[in-house]
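Notes follow once the structure below has been shown.
The values are calculated or read from the model by the stated rules, or taken from the named source; none is laboratory data. This is a predicted model, so every value here is computed, not measured. In this analysis, Cβ positions are derived from the backbone assuming ideal geometry, glycine residues included, and neighbour counts consider all displayed protein chains. Note: accessible area is taken over every heavy atom of the protein model, side chains too, but ligands, DNA and RNA are not part of it. Shrake-Rupley method; radii C 1.70, N 1.55, O 1.52, S 1.80 Å.
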Amino acid sequence: MRNIVLIGFMGTGKSTVGKRLALSLAWDFVDTDLEVGEITNLSVTEIFRRYGETRFRSEERLVVQRLSQQEQMVIATGGGTVINPLNWEALAKNGIIIGLHATMEEIISRIGHKNDRPLLKGTTEAIEKLWSERREFYEKADFIIDTTQKDIDEVVSEILERLGRMTNNEFTCVSKD
Ligand code: S3P
């Protein structure tokens, strides 16, 4: 059984939704940012601060390579993971790619006040620019779910419903929690 890969801009709900989705399917959940953190023993912010984005991207690349060889995992990616075509290719080869979307307004209200995303430190205009540069990548997902003003359960049910239609109910939901 293939993996389920969540992609999308920062703050679209990839990790929160991914955890709940994995629970529903009794699959393992993994977050590429946390994996990078575990391997390097540093937070994403610390890697960016000490070594810069290039180092972060190369650690992320190694994590993606490893995870894309596994099965039955819900993988929450970082917002920039699939911008690298090699990451996209590896994840898509062995997984269904689901894009999570939210309006810029909602993204800013969800995460604008937090301090743990190095690429969100710029002005709102800079963030919007990054978002619009990346849209075309996110839009290549197998399907897209809008998470704006929805709670986690609603998003997870929508995903399960779409997955069911796509795969003739190959995905079995084991819990509603
Ligand atoms: C990034 C998003 C972050 C993290 C890093 C870079 C990006 O992950 O990977 O700060 O390039 O958009 P989230 O999307 O989980 O915030």
* Candidate set: the stretch 143-171, residues that are in a loop (DSSP other than H, G, I, E, B), touching a helix residue (DSSP H, G or I) at 6+ places or on another chain (Cβ under 9 Å) and of a type in the set (D, E, K, R); chosen: the one farthest from Q72 (Cα to Cα) -> K150
* Could you say whether any residue in the stretch 42-54 is of a type in the set (S, T, Y) and open to solvent by less than 30 Å² (accessible area, probe 1.4 Å)? -> no
* Asked: Can you spot a residue in the stretch 71-79 that is more than 10 Å from the ligand (Cβ to nearest atom), over 19 Å from G37 (Cβ atoms) and over 12 Å from the mean Cα position of the chain (by Cα)?
  -> yes
* Select from the stretch 1-30 the residues that are within 16 Å of the ligand (Cβ to nearest atom), open to solvent by 30 Å² or more (accessible area, probe 1.4 Å) and more than 18 Å from A141 (Cα to Cα) and list them in ascending order. => T16, K19, R20, F29
* To do: Restricting attention to the stretch 89-134, report how many residues are under 20 Å from E46 (Cα atoms) and in contact with a Gly (Cβ under 6 Å, 6 or more places away or on another chain).
  => 1
* Asked: Regarding T167, is this residue at pLDDT below 95 and within 24 Å of I4 (Cα to Cα)?
  -> yes
* So is V156 open to solvent by less than 60 Å² (accessible area, probe 1.4 Å) and under 20 Å from F29 (Cβ atoms) or not? -> yes
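Quick one: is R110 in contact (Cβ under 8 Å) with a residue 60 or more places away in the chain, under 20 Å from E161 (Cα atoms), open to solvent by 40 Å² or more (accessible area, probe 1.4 Å) and under 16 Å from the mean Cα position of the chain (by Cα)?
Considered against the rule, which asks whether it is in contact (Cβ under 8 Å) with a residue 60 or more places away in the chain, under 20 Å from E161 (Cα atoms), open to solvent by 40 Å² or more (accessible area, probe 1.4 Å) and under 16 Å from the mean Cα position of the chain (by Cα), R110 comes out as no.
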* To do: Kindly indicate the residue of the stretch 118-142 that is part of a loop (DSSP other than H, G, I, E, B) and within 15 Å of the ligand (Cβ to nearest atom) and also most open to solvent (accessible area, probe 1.4 Å) among those meeting that condition.
  => K121
* To do: Write out, first by first residue and then by second, each pair whose Cβ atoms fall under 9 Å of each other, whose residues are 6+ apart or on separate chains, and whose first residue, in the stretch 36-49, is among the β-branched types (V, I, T) while the second is part of a loop (DSSP other than H, G, I, E, B) and at pLDDT 95 or above.
  => V36/L42; V36/G78; V44/G78
* Asked: Mind checking which pairs have a first residue in the stretch 69-82 that is surrounded by fewer than 18 Cβ atoms within 10 Å (Cβ to Cβ) and a second that is among the aromatic types (F, W, Y) and at pLDDT 95 or above, Cβ under 6 Å, 6 or more apart or different chains?
  -> Q72/W27
